[in-house]
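The values are calculated or read from the model by the stated rules, or taken from the named source; none is laboratory data. Note that this is a predicted model, so its numbers are computed, not measured. Glycine gets a Cβ as well: all are built from the backbone with ideal geometry, and neighbour counts include every protein chain shown.
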Amino acid sequence: MYVAEVLRDLTCQLQALLRILAHEQHLSLTQAQVMLNLPVDGLGISLLAHRLGLDVSTMSRVIAKMEEQGWVSRDRDAKDRRISRVMLTTAGNDLHQNLISAFESEVNEILTEMDTEQQEFYSQHLEELTWRMMRHRQ
């Protein structure tokens, strides 16, 4: 199997898992992806959209719905007032933690079938591949 095929299959499996976990938390897949990709100090909408491969208008609509639910808020960036930063609220942070815990639990269960050396090998190489893909998209 070629690398691109393996990555496609892995992506499908991860999205299926995330979709199930998102449904359990009453989130859409995109909302779950936002939750998993928002750093503690927040992120600008355009950067978040780029990170998730969405256009800014789509991201703005997703964020607006998440604001209505009380999961995120928008604050002006302290360094550049033109930028609106998306931040997790207290309720959003709780949801974020639940989603992270559920995701890590599922992945750890899968990884128990691999020894520590294999886990380290894949972790190192997947991190490198992720970094290269991020650089390629810039």
Problem set entry | So Asp75, is it out of contact with any Cys (no Cβ under 8 Å at 6 or more places or on another chain), in contact (Cβ under 8 Å) with a residue 12 or more places away in the chain, surrounded by fewer than 16 Cβ atoms within 10 Å (Cβ to Cβ) and not in a helix (DSSP H, G or I) | yes
Problem set entry | Counted residues, the stretch 20-39 - those being part of a loop (DSSP other than H, G, I, E, B) and free of Cβ contacts under 8 Å to residues at least 40 places away in the same chain | 3
Exercise. For the stretch 80-93, does any single residue satisfy the condition of being modelled with pLDDT of 90 or more and acidic (Asp, Glu)?
Worked result: no
For this session: Could you please give the count of residues in the stretch 104-124 that are within 16 Å of Thr11 (Cβ to Cβ) and either not hydrophobic (A, V, I, L, M, F, W, C) or not in a helix (DSSP H, G or I) (or both)?
Result: 2
For this session: Go through the residues of the stretch 114-125 one by one and say whether even a single one is loosely packed, with under 10 Cβ neighbours inside 10 Å and either touching a Gly at 6+ places or on another chain (Cβ under 7 Å) or within 25 Å of Met35 (Cα to Cα) (or both).
Result: no
For this session: From the list Glu68, Glu109, Glu117, Glu104, pick out the single residue that is over 22 Å from Glu24 (Cβ atoms), out of contact with any helix residue (DSSP H, G or I) (no Cβ under 7 Å at 6 or more places or on another chain) and among the charged types (D, E, K, R).
Result: Glu117
Problem set entry | Flag for Met134 being surrounded by 10 or more Cβ atoms within 10 Å (Cβ to Cβ) and either at pLDDT below 90 or in a loop (DSSP other than H, G, I, E, B) (or both) | yes
Problem set entry | Flag for Ala91 being surrounded by 17 or more Cβ atoms within 10 Å (Cβ to Cβ) and in contact with a helix residue (DSSP H, G or I) (Cβ under 9 Å, 6 or more places away or on another chain) | no
For this session: Taking the options Val56, Val34, name whichever one is among the aliphatic types (A, V, I, L, M), surrounded by fewer than 19 Cβ atoms within 10 Å (Cβ to Cβ) and at negative phi.
Result: Val56
